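A short write-up of the structure that comes next.
Each reported figure results from applying straightforward, stated rules to the coordinates on display, with no laboratory input. Note that the structure is predicted; figures quoted are calculated from it, not measured. FYI the Cβ positions are ideal-geometry reconstructions off the backbone, even for glycines, and counts take in every protein chain you see.
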Amino acid sequence: MATAAAASRAALSRPHAAAAAARASPAAGARVTLPRRRSVRSAVISSSASAAAVAASEPAAGRVTLGAGTDGALWPKPAVLVAEKLSEAGLAVLRGFADVECAYGMSPAELLAKVAQFDALIVRSGTKVTREVLEAGRGRLRVVGRAGVGIDNVDLQAATEAGCLVVNAPTANTVAAAEHGIALLASMARNVSQADAALKAGKWQRTKYVGVSLVGKTLAVMGFGKVGSEVARRAKGLGMHVIAHDPYAPADRARAIGAELVSFDEAIGRADFISLHMPLTPATSKVFNDESFAKMKNGVRIINVARGGVIDEDALVRALDSGKVAQAALDVFTEEPPAKDSKLVLHENVTVTPHLGASTVEAQEGVAIEIAEAVVGALRGELAATAVNAPMVPAEVMSELAPYVSLAEKLGKLAVQLVAGESGGIKGVKVVYTTARGPDDLDTRLLRAMVTKGIVEPVSSTFVNLVNADYTAKQRGLRITEERVSHESPAAEAPLESIQVRLSHVQSKFAGAISDGGDIVLEGRVKYGVPHLTVVGPYEVDVSLEGNLILCRQIDQPGMIGKVGNILGQTNVNISFMSVGRTFRGKQAIMAIGVDEEPDKETLEHIGHIPAIEEFVFLEL
Ligand SMILES: NC(=O)c1ccc[n+]([C@@H]2O[C@H](COP(=O)([O-])OP(=O)(O)OC[C@H]3O[C@@H](n4cnc5c(N)ncnc54)[C@H](O)[C@@H]3O)[C@@H](O)[C@H]2O)c1
Ligand SMILES: O=C(O)[C@H](O)COP(=O)(O)O
């Protein structure tokens, strides 16, 4: 029975053919460590298409460990590289599924040298997962796990291009970050760190360190997401008046906490304290600069537990020097760690911590478990709820689309093999879904991705999955349009009746696949859970899409099935399915023959020499 997990595996994973090889190996339940050999690794990570890439990136020495599944079957254990400190609780989850190597404090060069030997990489904010790293891991690295919220240290575009899923742990450190924000707010207002340092240096300075009160003051929360709203909630408890700016936050959430949503200028113009909680993006980079500081009240105080890059740090030093900004409390910096002689860090009105927002015992344990579960799920081929660069397809949608995922990929794969000459020349692909559902009730992203995978993978070295399908199509100039034909019928249970793939403006090596409109047309359905090919060009056929396929176009006349069957039988090629479709009696017909084995060249030529046969093509599935 097809399942959501199976569908998502198809959508996300590299094919796991090694599992089959592994099943043939020693006693179930055993754990075997194999020296890595090219054949094993190629199978683990991919399709034939990427074999060349694999060979090119093959590390000299690597290992594949086989683990046993609940069914006793053996599979190659994935390898996970943990590049920054992760709590034991998370490591235990990872070790239950994968070989785990913790290599903390690697230099960028060390990471580059190592990454190709792993299926997943886990980092915190201290490791830059650059395009170079993702390129180095290409062919094997399937998942990057960010043990925390901010993914500004991961090159998402490069990850998407490589078909590498990025997952994060967005919820477990929210409270820790909010508490740290409040700790900085209160300690800054009362000069705690400065007074502490002075007293330890022997200075008793009660008049120098008179602070300011929080109660009744206005706090502007910039970025009203998870952390921002928790800061707002706590600040309300301290008796502060809270305003917030967030172009994407719903007003009712702010109202529920008692915060007023206002514009950027109003927020920074009215606030006594400004606390930053937005992500670092091109839009927020250095958004606090000379111009914005000028709009603030004199003597404003700023807290940043978001990202250093949202502040122009030189401008902040100027604002502190001029007194425009009375104090700042900073947990994060543009460069981490900041330079030892950083004017900002050394400024007497600045309180600093070394990116400790998420660093509580509780948060680190939560983050470690959250990311470990997300990475294990992704390695299993499930779509993680915290995927950052893949469209989210809910489990129930996955489940019902599972058999159509295979149909979509097979139609794409067959269609591309029908194109004459350079299949790189395909530009227009139309996918037509016939469904009993209403137009908004069918999520086709997964199916579109699988058609793309079917079309692209056989003719390129690109590995395609749900993460990079749209990107890959765009890169190759492949314009994929979709149409839904609705036969609304509330009683129908199946999400789809048929999927049709049409390739326009191409020549075909099999004229019988060309429809009246000049497109290569293939259509299929799912019958009893198995994908079937039901239309080739203008012909109706019915052949199950298992094994390989021979299409023959001939003059409709008696005895053709016997003749072809005989030739295949003579070389022990087993026919799994056969179907004939014709336009009119005695005119042209198409024979679609499913075969378990690939016939040799001579056998195929033999078929071609049958006088009534006008053309034939062998297609791999
Ligand atoms: N210092 C730490 O250790 C620490 C810990 C956790 C989170 N963080 C950082 O805190 C920030 C917030 O984390 P979160 O979990 O609340 O994320 P979140 O995604 O829940 O919230 C971010 C909010 O910022 C808003 N936003 C986006 N662009 C904006 C803009 N131009 N102006 C105003 N608001 C904007 C979004 O709409 C969203 O509501 C992130 O930068 C994260 O990396 C730091
Ligand atoms: O974005 C985050 O989650 C925080 O900045 C925490 O980063 P860290 O994992 O490096 O502590």
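Per residue, the convex hull spanned by the Cα atoms of region 172-350 amounts to 122 cubic angstrom. In region 172-350, a dipole from Cβ-located charges (positive for Lys and Arg, negative for Asp and Glu) runs towards its positive end, and of A256, A172, W204 it is W204 whose Cα lies farthest in that direction. For the chain, the share of alpha carbon pairs falling in successive 10 Å distance bins from zero is 3, 14, 20, 19, 17, 12, 8, 4, 2, 1, 0 percent. Please report, in debye to the nearest 20, how large the charge dipole of region 498-583 is about its Cα centre when each Lys and Arg carries +1 at its beta carbon and each Asp and Glu carries -1 there. Computed about the Cα centre, the dipole is about 140 debye. In a reduced charge model with +1 at each Lys and Arg Cβ and -1 at each Asp and Glu Cβ, the chain shows a dipole moment near 1280 debye about its Cα centre. Among residues other than V221 with Cβ under 11 Å from its Cβ, the summed charge is 0 (Lys and Arg +1, Asp and Glu -1).
Pairs exceeding a 32 Å alpha-carbon distance, out of K208/K340; K128/K340; K413/K563; K128/K203; K114/K427: K128/K203; K114/K427. Highest mean packing first, where packing is the average number of other Cβ atoms within 10 Å per residue, the peptides 236-246, 188-198 line up as 236-246, 188-198.
When the chain is described by a simple charge dipole with +1 on each Lys and Arg Cβ and -1 on each Asp and Glu Cβ, the residue from Y404, V506, A589 located farthest towards its positive end is Y404. Viscosity 0.692 mPa s, temperature 37 °C: Stokes-Einstein D of region 286-382 from its Kirkwood Cα radius, in µm² per second? Answer, rounded: 216 µm²/s. In the chain, a dipole from Cβ-located charges (positive for Lys and Arg, negative for Asp and Glu) runs towards its positive end, and of L446, H347, T218 it is H347 whose Cα lies farthest in that direction. Where only DSSP H runs of four or more residues are counted, the chain gives -9500 deg cm²/dmol as its mean residue ellipticity at 222 nm, each run worth -39500 (n - 2.57). With contacts taken as Cα pairs under 8 Å and at least 6 residues apart, the chain reaches a relative contact order of 13 percent.
A protection proxy built from the mean count of other Cβ atoms within 10 Å ranks the segments 123-135, 400-412, most packed first, as 400-412, 123-135. Once C-alpha pairs closer than 8 Å and six or more residues apart are averaged by separation and normalised to the residue number of region 77-166, the relative contact order reads 28 percent.
Annotation: peptides 608-616, 527-535, ranked by per-residue average of other Cβ atoms within 10 Å with the highest first, follow the order 527-535, 608-616. With R₀ set to 30 Å, the beta-carbon distance separating M106 from A385 gives a calculated FRET efficiency near 0.55.
Relative to its residue count, region 522-569 spans a Cα convex hull of 100 Å³ per residue. For region 189-299, the relative contact order comes to 26 percent (Cα pairs under 8 Å, sequence separation of at least 6).
Under the convention that each Lys and Arg Cβ holds +1 and each Asp and Glu Cβ holds -1, the size of the dipole of region 393-617 around its Cα centre is about 520 debye.
Considering only beta bridges that DSSP places wholly inside the chain, some 55 percent are antiparallel. Direction-averaged projected area, Cα convex hull, region 77-166: 5.1 nm², rounded to one decimal. With the convex hull of the Cα atoms taken as the outline of region 393-617, the averaged projected area works out to 13.0 nm².
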